[in-house]
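These notes concern the structure reproduced below.
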Amino acid sequence: MYKSVIFLLTLLMLEPSLATPYQQPTMAVLPFQISPTIRTTNIGDIAINRTVVEREFSNELMNFLTKSRKFNMLSRTQIEKVMHENLLTESDWVDPNQIEKMGRLLVADYIVTGVINRIESKIISQNIKITGEAAPRIVTTFKCQFQVIESATGKIKLADQVIYKLKSNEVRREVSATERRDWTPADYKDLLFTRSATEIGNAILGSVYPIKIIDVKALSVILNRGKGAGIEVGSQCKVIKQGQAIIDLDTGESLGGYESNIGILEVTSIEAKFSKAKILSSTSNLHKGDICRLLPKNYMTPAAAYPKATLGW
């Protein structure tokens, strides 16, 4: 009896050291498919290869999620190796019936799939009041529907779409004429993909790992989102308070809870793994663990008159 008690006490003393360490969930981003209804993909007058669009955009999204440091991301080589070894084709990537099987084969907790529904540029004539001349303005639109699926259950964690418009006047405002002078259509494609991937990446992070306050000072807070994860100096977030969960009476499923805005933050500095933000306004005290959602970026200053660059940008 005495020995048994000693043995149990020893186990209790060792319990902290035997605790299972936290493991990041594994995520696989499958190549996004271009909708069959899209005949051409173009930036300006230059057609972009469909395969390039599918692969490069998926890689851009994967890079964004890797920088967030929230997931253990499977590489494109790992995914293609599993697909090849199990004789799976690209059509299996978007087949809902294959998701659970692919999750097991890839040993991934989450799978991201998507369909690109639109990618095109249009030239819009814009009158210049001072000279009366018509200046071309290019608007490139990227539309994508995507899903995040929990592999173990096959349940859709997030289903959403992003419509991003890259406008020539915004490019002139943000990229210097010196830098743009040597740009090619590929450079505009890269910028479009980066911006669109950031939109989708932030939506994915917000559904699995939302931005949270991890420390509160007098007039500032620390956020658990760092460099390269879609947050920038000047970004603004709304702080929300979540109410009691709403339960569907038919299915018993949680539909989320009421959300009320209790404050606005503005990011002031970004470190490798966290950011600092100042409190712009608040209706109640902010606390550690409060969830934050990024606000859309609005341009408040008028566009500067930069010299023309390639492709009318």
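The values are calculated or read from the model by the stated rules, or taken from the named source; none is laboratory data. Predicted model only: the values in this text are computed from it and were never measured. As a convention, Cβ positions derive from the backbone with ideal geometry for all residues, glycine included, and neighbour counts pool all protein chains shown.
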Show the residue pairs meeting these rules: Cβ distance below 7 Å; 6+ apart or different chains; first residue within the range 58-74 and free of Cβ contacts under 8 Å to residues at least 12 places away in the same chain; second residue buried (at least 17 other Cβ atoms within 10 Å of the Cβ). Thr66/Met73
Checking the conditions here, which among Glu266, Glu259 is surrounded by 12 or more Cβ atoms within 10 Å (Cβ to Cβ) and within 24 Å of Asp160 (Cα to Cα)? Glu259
Looking at Thr283, Thr301, can you tell me which residue is among the polar types (S, T, N, Q), modelled with pLDDT under 75 and outside the structural domain of Asp109 (by TED's automatic domain parsing)? Thr301
For the range 109-146 the number of residues that are out of contact with any helix residue (DSSP H, G or I) (no Cβ under 8 Å at 6 or more places or on another chain) and at pLDDT 75 or above is 8
